[in-house]
Structure formats: C-alpha cells, structure tokens
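The values are calculated or read from the model by the stated rules, or taken from the named source; none is laboratory data. In this text the structure is predicted, and so the values were computed from the model without any measurement. Neighbour counts are summed over all protein chains in view; Cβ atoms, including those assigned to glycine, are modelled from backbone coordinates with ideal geometry.
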Amino acid sequence: MKRVIKVIVGLMLGIVGFFIVMIVGLYLLFSPRVASREELISYQMMLEQGMESYGFTGKVELTKFRPIAIGNPWDVLEYDYTEVIDGQSITLQSSDTLVNNRIEGQEALNGLLNMTVYFDDSPSGMLYQFDGIVDQAMWHQPRGKYLLNQAQQIFKLMEEKDFTLFEVDGRLETQDEKLIKFYEKVEENRYNGQAFAGFYDINLDWLMEEEMAVIEVEFFNKKDLGLENDLLEEDKLLADLKQKVETFDYSNVEDGTYRIGFRRPGVQSTSFFVTIKVKDHHYLFLK
C-alpha cells in the first residue's frame, strides 16, 4: 500500500514539475526582455543617422524602447523629434514604431507602409517607419493650426446633451494613389531645405481639395441605447449623425475635407463617421 502511495505521489510530483517547467519555459520565451545599454546606444545612433539621411536635420531622442519578447526579432520604440522654426522649438512625438536590426536585404521592405526607410549603412540593417511624425509636421504650420482651431470652435456648435466634442485632429490619407503628387511636393520642399524634411510647408488647402488630407472631428456619444444595444439601434445613431451633418451651418467652415464621427463609451476608436467635402460653404457627402 505504501509503495502504491509513493508511486502516486511520485507521478503527481512529476506532472506538477512538468507543468512548472513548461510555464517557466513559455515565460522566458514570450516575456519582454530587458534592453541592454548597447542596444539603446545602437538604436539612438540608428535614429539619428536615419532621420538625417532622409532630410530631418533636427534633434532626435529615443524616449522608449520595449523589446517584445525573447526569440521575437521585432522591438518597439518611441522617439521625440525637435526642430527650431522661426525661433520656436517644435517637438513631434512618434507613435509605437516597429524596428528590426536583424533583417537584411531590400526585399524586407515589401508590404510595409509608405514612408518606410531602409538603413543599409547601419550595423546589420534596420526597418523603420516615420509613424505619426508626418501628420504632426504638416499640421504644426500656422495654416494647419488655424484650420484645426477653427474646426474646434465651429463644430463645437454641433454639441448636444450626451453628444460632446472629443477631439479635432488632422490626418494624411495614405491609401490613395494621388499621394504620388504629395511625395513630389515633399521632395521639392526637401530639395529647397524646408523644415521637417519638406513636410512642414505642404499646402494643406491643396491637400484637402485633392482629398489627400482630412480634418477629423470626433464627438463622444453617450446616448443611452437601453437594453437593445444592437446593430439596429446603432444604425439610428449613425442616422442621427447624418442628420446633424445635413442641418449644420457651414457658412463659417473653411473649404476642405472633413471626417465627422463619434465614439461610444468603452470603445477605443471611432466606428461611426461620415466624410464630407466643404466648398464655398456647401457640403457634399463623400462616404
């Protein structure tokens, strides 16, 4: 009997030990690793060299480095980029940027978004994307600040109970083949030594006329849908939004492309929106 008990206990301990080893192994495989000082210095140098090679002549500062996991070749970093324009220091903050210092070859660029640069002069190659920097540079120019501030004031008049203005921001539409024209303008500006590698002095009115740039006007819709929070009820919210857009006074709205939408409580991104084009104080639904 004692022998049987010992066998059972031994089996149980073996099973428990097996699972402990598996858990520890999985943790070591997928848990974030700690960045070494050498990695931080290497990525800082890559950022500086890469930004400079593309025409960004300001100061680059690595602010965040987050290795994804042991065995995963990709890392995540964030950085600040600063230039002084007309005596004013302007700092842009990147969003999460995926980098990989172990990929080699130009074919590694396949499938990546626009504005990706390959640094073949770095120690082993690096993929890097100017994520968020381009949009910010464009809208930091005086005309961009004016357009966003004007939209903030004008569309605040659309507010109602449980429907309040959340955010107004500028975006570059990257899915259109028209962007070839945009890049030609950027290259021309860069050649002439314009700020932020040519992105700062882009003509925003032209971009919005060509539907390559859009001002996003986002509201927070807290309207109670009751117990029947289904697609039918959400369609009613979208219909209400379209009615608000149709009856709004555009006499003081600048010409351009606007995306007007709202987010719901507990939802991180806007899933309800309409896009309009304003011309001579009249609007046209685009989608």
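Output the residue which, of all residues in segment 205-239 that are modelled with pLDDT of 90 or more and either β-branched (V, I, T) or more than 30 Å from K185 (Cα to Cα) (or both), is surrounded by the fewest Cβ atoms within 10 Å (Cβ to Cβ).
Here the residue is V214.
Exactly one condition in (1) on the phi > 0 side of the Ramachandran plot; (2) at pLDDT below 75 is not met by G50; state its number.
Among (1) on the phi > 0 side of the Ramachandran plot; (2) at pLDDT below 75, the lone unmet condition for G50 is (1).
Report every pair of residues separated by at least 6 positions or lying on different chains whose Cβ atoms are under 7 Å apart, first residue within segment 40-68 and in contact (Cβ under 8 Å) with a residue 12 or more places away in the chain, second of a type in the set (K, R) and assigned to a loop (DSSP other than H, G, I, E, B).
P67/R33
Could you count how many residues in segment 187-204 are at pLDDT 90 or above and in contact with a strand residue (DSSP E or B) (Cβ under 7 Å, 6 or more places away or on another chain)?
1
Being at pLDDT 75 or above, buried (at least 17 other Cβ atoms within 10 Å of the Cβ) and of a type outside the set (D, E) is the filter here, so list the residues in segment 66-84 that pass it.
Result: Y79, Y81.
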